[in-house]
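Visitor: Before anything else, here's the structure in question.
Read the figures in this text as sums done on the coordinates, not as results from a lab. These numbers come from a predicted model, not from an experiment. Quick reminder, even Gly has a Cβ in these numbers, built from the backbone with ideal geometry, and neighbours come from all protein chains shown.
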Amino acid sequence: MIMDMNEHLQIRTYKKTGHLEVICGSMFSGKTEELIRRIRRAEIAKQRVKVFKPRIDDRYSEFSIVSHNESSYPSEVLENADEILEKCFDAEVIGIDEAQFFDNNLVYVCQSLADAGKRVIVAGLDQDYKAVPFDPIPQLLAIAEYITKTLAVCVICGAPANRTQRVAKSSDRVLVGGENFYEARCRLHHIVSEGE
Ligand code: ADP
Ligand code: MG
């Protein structure tokens, strides 16, 4: 009798397990750079990759995620998190940038994709300009297998910066902009004015 090779070697084949990675930190801390680095490596490994970002952040490009040091990678702009599920049947690795601007359904979406055996890499701001945790990033951190906290450089003192200072006049939570509106600051030099 010819023995089944797997049986002989006692190899059990399991469905590939997925996981969730979260890259979070202040503005200018290198989240997008790090996301692009991981996606490029997945591409070198010949894995099928898809990258998404929310409609609200099409300030630099509608067709790519773009870092502050001008590295970029093609992406699709979506209106809401549910659309990600419809577009990922084929993908093995899924990158999501500016995740804080997606709705809270993103948590369910990431969980479902990882449950389906995919590698999900999410990058987003973990705090708003008042240093208040920015949903749905805290919820994603709770369910992630891997977490990377990136720090920028405080523009005042050069210390590691964990916060985002708004330098434009607005008290809306979401005010999309770059260096003209925001600075990276450490805890000591981050200021939230009265009434904000
Ligand atoms: P994020 O996605 O976290 O906003 P990016 O990946 O887009 O960050 O940009 C990171 C890059 O921003 C750095 O490599 C650096 O060139 C640039 N940069 C500008 N200001 C700062 C700062 N204060 N601290 C660190 N990097 C900065
Ligand atoms: Mg970014």
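Visitor: With a Cα-only, solvent-free Debye model of the chain, what are the log10 I(q)/I(0) values at q = 0.15, 0.18 Å⁻¹?
Guide: -0.89, -1.21
Visitor: Sorted from largest down, give the three principal axis spans of the alpha carbons of segment 145-186, whole angstrom values.
Guide: 34, 29, 14 Å, listed from the longest principal axis down.
Visitor: Ranking VAL155, VAL176 by Cβ neighbours within 10 Å, fewest first, what do you get?
Guide: Sorted ascending by nearby Cβ count, the order is VAL176, VAL155.
Visitor: May I pose another question? Loop by DSSP (not H, G, I, E, B), at most 11 other beta-carbon atoms within 10 Å: where is the longest site-free stretch of the chain for trypsin sites (Lys or Arg not before Pro)?
Guide: 60-168
Visitor: Give the residue list of GluC sites (Glu not before Pro) in segment 32-123 that are DSSP loop and have at most 15 other beta-carbon atoms within 10 angstrom.
Guide: Counting only loop positions with at most 15 other Cβ atoms within 10 Å, the GluC sites (Glu not before Pro) in segment 32-123 are GLU62, GLU70, GLU79.
Visitor: Something else now. With axes computed from alpha carbons, what is the tilt in degrees of helix 105-115 against the longest principal axis of the chain, rounded to the nearest 10 within 0 to 90?
Guide: It is inclined by approximately 30 degrees.
Visitor: For ARG187 and TYR146, what is the calculated FRET efficiency with R₀ set at 30 Å and r taken between the beta-carbons, to the nearest 0.05?
Guide: Efficiency for this residue pair is about 0.75.
Visitor: In segment 16-150, how many lysine pairs have Cα atoms under 25 Å apart, counting only pairs 8 or more places apart or on different chains?
Guide: Going through segment 16-150 pair by pair, I get 23.
Visitor: While we're here: Among ASP90, ASP115, ASP82, which one moves the most in a GNM of the chain with springs linking Cα atoms closer than 10 Å?
Guide: ASP90
Visitor: Another question, then. What range in the chain is the longest one free of chymotrypsin sites (Phe, Trp or Tyr not before Pro) that are in a loop by DSSP and have at most 10 other Cβ atoms within 10 angstrom?
Guide: With chymotrypsin sites (Phe, Trp or Tyr not before Pro) excluded where exposed in loops, the chain gives 90-196 as its longest stretch.
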